[in-house]
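Written out below as structure tokens is the structure these notes cover.
The values are calculated or read from the model by the stated rules, or taken from the named source; none is laboratory data. As the structure is a computational prediction, the values presented were derived from the model and not from experiment. Please note: Cβ atoms are built from the backbone with ideal geometry, for glycine as well, and neighbour counts cover all protein chains shown.
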Amino acid sequence: MRGYRRCRALLWAGAVLVATVFQGAAAQEEFPSRTIRIVHGYDAGSNPDVIARHLAPALTALLGQQVAVDPKPGAAERVAAAMVARAPADGHTLYLMTGGQAAVSAIDPALPYDVMRDFAFISTVTRFPFVLLVAPDSRFATLADYLAAARREPGKLSYGSSGVGGTLHMTMELLCRQAGVELLHVPYKGNPAQPLGDLTAGRLDLLVITVTGAQPLLKADKARALAVTSKERSAHFPDVPTIAETVADFDVMSWLGFVAPAGVPAPVTGRWATAIRAAAEEPAVRARLEDLGNEVYPGTPAAFRARVAADIAKWKPLTRVLSSP
């Protein structure tokens, strides 16, 4: 009798296990079953927002469900990242992470999430340098002129960025460190017209900005580029020098990439990776992204994870920016 009961118990446990496996498989097969959200941490019209909205129609067609872009600006991506880290791990909520998240993770030990632990890395989608802009009539003809003036007047020359602790801010802090200068940081948030207005009015000496933001300003002659942050000159700005031509070995390239909450099943992240690559490489989408100054750059989850880890290590020595105004 005991053997019979034990046999029945084992059979029941086995049946439950098989049922659970099949239910899990069925749940995975149902993806996607409803509207998908792409969350990012910046305002409407920002670089991540523009790129997400160019990708969304192609992803909708590839996945068979509506893909909606959901900006959650605030605190240099902390708001968006925390929201996605807590989202259900079913693949219906993705976070379009920027290089700024690596900077935030490097300098803020109090984050409510761990970027390397709480996300499933799927794929990068673009990479790009930043651009250093001045007003068309600025007294600084070159980056060397700007840095020379900064050495003569420590802490007097200003530069603007999209906020404290983001990659744009950290890029300029890295420049200060490598060039041996002290600059005044003016952080902006919200309306991108404000820093441009301050730049052209002479209230701001320099603005560091994404290529997506720089393109229309340069085409309309509303600003002038002093340098790009990549080690090599940009194909989109071949006449603009690199910072490295003035400050040896300087090199900053940022990126955008998709992650999901940790625990999303591998078949779902695999389907996402395939769809992201296909969407980014559609001729019309690729052409538009490149027109905005981006290099289309899909990659593997392992390569993406390694890039984030390397960037965190790069920015960690600059933790003093947390005390910046």
Would you please list the contacts, defined by Cβ atoms under 6 Å and residues six or more apart or on different chains, that run from a residue in segment 150-170 that is closer than 14 Å to residue 195 by Cα and at pLDDT 95 or above to a residue that is surrounded by fewer than 24 Cβ atoms within 10 Å (Cβ to Cβ) and of a type in the set (D, E, K, R)?
-> 158/205
Could you give every pair whose Cβ atoms fall below 7 Å, whose first residue belongs to segment 66-89 and is in contact (Cβ under 8 Å) with a residue 24 or more places away in the chain, and whose second residue is of a type in the set (D, E, K, R) and part of a loop (DSSP other than H, G, I, E, B), counting only separations of at least 6 or pairs across chains?
-> 71/43; 73/43; 79/72; 80/72; 83/72; 85/118
Within segment 95-115, of all residues that are out of contact with any Asp or Glu (no Cβ under 7 Å at 6 or more places or on another chain) and within 17 Å of residue 297 (Cβ to Cβ), the one surrounded by the fewest Cβ atoms within 10 Å (Cβ to Cβ) is 96
Considering residues that are at pLDDT 95 or above and of a type in the set (Ser, Thr, Tyr), the number found within segment 280-324 is 2
Candidate set: segment 191-224, residues that are within 28 Å of residue 290 (Cβ to Cβ) and among the small types (Gly, Ala, Ser); chosen: the one modelled with the lowest pLDDT | 193
Only one of 277, 286, 307 is closer than 30 Å to residue 237 by Cβ, free of Cβ contacts under 8 Å to residues at least 40 places away in the same chain and of a type in the set (D, E, K, R), namely 286
Exactly one of (1) of a type in the set (D, E, K, R); (2) over 30 Å from residue 298 (Cβ atoms); (3) under 18 Å from the mean Cα position of the chain (by Cα) is unmet by residue 118. Its number?
-> (2)
